[in-house]
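J.: Dropping the structure in here first, questions after.
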Amino acid sequence: MMQSRRQAILQTLRVGAFALGALSAKAQAAQNNGRLVLVFLRGAYDGLSMLVPHGDPRYAQIRPNIGIGKPDGSAKTALALDDLFGLHPACAALLPLWQQGVLAAIPCAGSPDRSRSHFDAQYHWETGKPGSSSPSAGWLNVLSGLLGLGSGLHAIGVGESSPRILSGPRPVQLVGNGLLATRPGTLAETKTREAMQQLYSGDAALGKAMVEGANSRMSTAAMLKPSTMANEQQTANNGAGSPQGLALDAKHLGTLMRQNRQLQLGFLSSGGWDTHINQGNVTGLLANNLSNLSNTLLQLRAAFNEPNDVVLVASEFGRTCAENGTRGTDHGHGNVMWLMGDAVQGGRWHGRWDGLSHDMLNEGRDLPVHHDFRGVFAQALSRSLGVSQEKIAEVFPGYRWDSSLDGVFKA
């Protein structure tokens, strides 16, 4: 009898251990089932107009024409987030996301490299190697090979035909459009168009929208000759489409990643953010771009709202804190990065902010970089995809874990 009881106890312990192991494996799987989407704004967007430091008295002094006014409840001033920061009124659609606690900002993030070249800075961001111009695969391509999901497609880009961030030995899915839509292998090519229509065969309305969007961009591309665009703007855009098409790209991305759950990495981009001249304030070029970006984030929120989904918004560098003589802003250094998702500790900003006084700025003119962009991405990779710090070091060689951002995600 004693032997039987001992065997029964041992069997119970084995069952309990197995159950705990199963629960642990299930928890680990849940931690790894997120999806990561990066929205990259080529041309260096003006973060100080989207996340307005209205509580800093110097803001109004250095931006007398393009600054966004202190919140007063009207549609022509910033939307208060707290005593220091507010949202551009063109981003009103994002205020509920902030209030729901699923949207957060890091005001002084960026690359530790001080390059003000669009080409160089974008290369550094896309390879994950600040300061290095050596041939490298894109970091999303490298990450795709480390996810441990076996062979097949794990990453997708919608918009650009061949973004550097997705280039490399791993296979990726690319759905190109924008100004490159007339090049072979993109939506302008009959076979590719037919293949895309098959992908959307289950959603007639979205399939129709895809074709209309491609046709519209092709018409725009036909009207725009290279001679009509400044060389710098062409370099800044790097083949990306305009912000007007970004929300539609986001809708396509969401559809494709829902259809194939092996796709855990998504990339979107737009050009048009290099605002040296007549940037505008509550209206104008930048306001229009921010409105389109807000609509894009709403589309992404609708598509990527599972517990570990994370959406990030970034740009190659920021812009000068003070406006220039042509009522625009020039190339800067630090900038605002955004994070969105249920796992995000939202409704607040994170990281270090020292204000806009001259002695607190980079070279007396730009936001400093207090938080390396790789540290921000590392936090997202760890939470969304369960990537270990050892593997993150393979994606971002030489990066350092930024423990000051450990509160960006919920425990």
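J.: Loop-only trypsin sites (Lys or Arg not before Pro) in the stretch 62-170, please: DSSP not H, G, I, E or B, and at most 15 other Cβ atoms within 10 Å.
T.: Those satisfying the criteria are K76, R114, R116.
J.: Right, next: Using alpha-carbon positions, what is the distance between the centroids of the stretch 304-319 and the stretch 278-296, in Å?
T.: 19
J.: Continuing with the same structure: Please list, or write none, the aspartates and glutamates whose alpha carbon is within less than 20 Å of the alpha carbon of K391, excluding same-chain residues fewer than 8 places away.
T.: Within the straight-line cut-off, K391 pairs with E126, D309, D372, D402, D406.
J.: Which value in nm describes the separation of the simple spin-label points at L153 and N288, placed 7 Å from the Cα toward the beta carbon?
T.: Those two pseudo-labels are separated by 3.3 nm.
J.: How high is the FRET efficiency from D406 to R348, r the C-beta distance, R0 22 Å, rounded to 0.05?
T.: Working from the Cβ atoms, E equals 0.95.
J.: Report the Cα centroid-to-centroid distance between the stretch 65-84 and the stretch 346-371 in angstrom, as an integer.
T.: Cα centroid to Cα centroid, the span is 19 Å.
J.: Of all GluC sites (Glu not before Pro) in the stretch 341-411, which ones are in loop regions per DSSP and have a Cβ with at most 14 other Cβ atoms within 10 Å?
T.: Filter output for the stretch 341-411: E363.
Bear in mind that the values in this text are calculations on the coordinates, not laboratory data. Values in this document were obtained by computation on a predicted structure and should not be read as measured data. Glycine gets a Cβ as well: all are built from the backbone with ideal geometry, and neighbour counts include every protein chain shown.
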